[in-house]
Amino acid sequence: MTRGKRVAPVSARPDPRAAAARAAAMARARSVRGTVRGSREEAQLQPKPRRRKSKFLVQLVVSATVLLCVVAAKITMPDITAKYSGEVLRLMGEETDFVAAFSAAGRAIGGEAAGEAIEELCIAVFGSDTVEISTTVDRTDAVYSADTTPERVEMQQQILGFDYVCPVEGELSSSFGYRDHPMAGQERFHYGLDLSAEEGAVIRAFADGTVLAVAESTELGKYVEVVHANGYTTLYAHCSRINASAGQSVKAGDPIAEVGSTGDATGNHLHFELCCDGTYLNPIYYVV
Amino acid sequence: MTVEGQLSYPKEMALAAAGPAVNLLLAVLLSHFGTRWELCYLFGGVHLVLGLFNLLPILPLDGGMLLWNTAAWCIEPYTADRVSAIVGLFAAMLLSGAALWMLLCGGSPFLLIATLGLLRVPLQQIGLVKLRQTG
């Protein structure tokens, strides 16, 4: 066992003191006396401090230049830098949920449901194949969506800030949330309420607002979209007839359409959606 | 560090082990309180990951120092250099491969950057060991 003066690991500390210590140890190991602190060693040590200093200076200058360039870019072109910094941040954080990953690691050794925690950790680190982060929600997909976690859905009741009425007198046949899609036969997220009523039953505007669009699609059938105050919009789909026109301003309770089963519908009902700035809300709180 | 080469091998091993030991201890401790406060799981997990990372057998991490000191104590320092170089290189390569696979699976690129950084010292060690043998 070689004890006594130990030698530092070769790569970790490349500086003159390590070199001197190494030289001293080598000399002792070979039982050579007197040549360790000789002039040859000292001559070798001289150039190193100066080279280290200039290398340090170069590093400092390069770092300062990079910093000044970034600051200048931020000041002169704020929107472009914001775009790039957004890109970088997205790249850094989007693929991995760090909080979930570390929490799962902690849970794994905490003992409570350790197996699930490890699985959670893998999902958080590697991402999951089934979760899709969609940035735009196609209007025709909004009624029934396949296999997407509802990213833009808010389940809690919001205070609307304006008066509203129930759009149609009918029974709740299908509520907001996950359900078995009657047509496709698999579980999908339902972004609105289904209120069944007779064909031709009057559909009233939910609240004061302006008719945004009157259109027809294969899935929604004949539908009307109305925009209200504070960024809220409502959608009334599967109508048999629409009595309003785009741009018309309506008051709460004004008749705008009639119930039907146009589009992807199994019976006469109103498909009613409530949306705020692109986030789907649960209309059950406002429709009695 | 100015007190280089003054500690004996066991003492330096204790020094290298102190960091990860505290990390792991805190990890276990915090995780037990996780049922009361959710954030404890997060911090416990961070401590666990950091502790395990520091225990990797790659210089200049704590794990690498432990390995080097053990080898130097049992055999002698120059062999210890070679052993830690080979083990460190192997471990760093393995980790880089795993990080690359993770990135391709849709994970974060950060682990790959970290493991490529870990390759630096083992590669230097290999270089230096080669030089000393020929020169």
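The values are calculated or read from the model by the stated rules, or taken from the named source; none is laboratory data. Being a predicted model, the structure only gives us computed values, none of them experimental. Positions of Cβ are generated from backbone atoms using ideal geometry, with glycine treated the same way; all protein chains shown enter the neighbour counts. All accessible areas refer to the heavy atoms of the entire protein, side chains included, with ligands and DNA or RNA removed. Shrake-Rupley method; radii C 1.70, N 1.55, O 1.52, S 1.80 Å.
Worth a mention:
- Residue in the stretch B:15-25 that is in contact (Cβ under 8 Å) with a residue 12 or more places away in the chain, closer than 28 Å to A:Met92 by Cα and within 11 Å of chain A (Cβ to nearest Cβ) present: yes
- Meets criteria (at pLDDT below 80 and at the interface with chain B (Cβ under 7 Å from one of its Cβ atoms)) for A:Ile109: yes
- Scanning the stretch A:221-239 for residues that are of a type outside the set (Ser, Thr, Tyr), part of a strand (DSSP E or B) and touching an Asp or Glu at 6+ places or on another chain (Cβ under 7 Å) gives A:Lys222, A:His228, A:Leu235, A:Cys239.
- Per the listing B:Trp37, B:Trp73, the residue uniquely at pLDDT below 90, within 10 Å of chain A (Cβ to nearest Cβ) and out of contact with any Ser or Thr (no Cβ under 7 Å at 6 or more places or on another chain) is B:Trp73.
- Among the residues of the stretch A:215-241, those that are of a type in the set (Val, Ile, Thr) and buried (at least 21 other Cβ atoms within 10 Å of the Cβ) comprise A:Val224, A:Val226, A:Thr234.
- Residue check, B:Leu42 under 25 Å from A:Ala104 (Cβ atoms), touching a His at 6+ places or on another chain (Cβ under 8 Å) and assigned by TED's automatic domain parsing to the domain that holds B:Ala17: no
- Considered as a group, the residues in the stretch B:2-14 that are within 16 Å of the chain's Cα centre (by Cα) and more than 9 Å from chain A (Cβ to nearest Cβ) include one that is nearest to B:Cys74 (Cα to Cα), and that residue is B:Met13.
- Residue within the stretch A:256-275 that is among the polar types (S, T, N, Q), surrounded by fewer than 17 Cβ atoms within 10 Å (Cβ to Cβ) and closer than 16 Å to A:Gln158 by Cβ present: no
- Answer residue from the stretch B:90-109, given it is in contact (Cβ under 8 Å) with a residue 24 or more places away in the chain and open to solvent by less than 40 Å² (accessible area, probe 1.4 Å) and is farthest from the other protein chains (Cβ to nearest Cβ) among those: B:Ala91
- With respect to (1) open to solvent by less than 60 Å² (accessible area, probe 1.4 Å); (2) under 15 Å from the mean Cα position of the chain (by Cα); (3) modelled with pLDDT under 90, the lone exception for B:Leu24 is condition (3).
- Elements of the type strands (runs of 3 or more DSSP E) sitting completely within the stretch A:240-288 and holding at least 3 residues that are in the same structural domain as A:Val224 (by TED's automatic domain parsing), over 11 Å from A:Ala205 (Cα atoms) and within 32 Å of the chain's Cα centre (by Cα): these cover A:269-276, A:279-281.
- Test: B:Leu30 is open to solvent by 80 Å² or more (accessible area, probe 1.4 Å), farther than 29 Å from B:Arg82 by Cβ and assigned to a helix (DSSP H, G or I): no
- Every condition in (1) open to solvent by less than 50 Å² (accessible area, probe 1.4 Å); (2) under 13 Å from the mean Cα position of the chain (by Cα) holds for B:Phe53 except the one numbered (1).
- Once the stretch B:67-89 is narrowed to residues that are surrounded by 15 or more Cβ atoms within 10 Å (Cβ to Cβ) and of a type in the set (Ser, Thr, Tyr), the residue that is farthest from A:Asp97 (Cα to Cα) is B:Tyr78.
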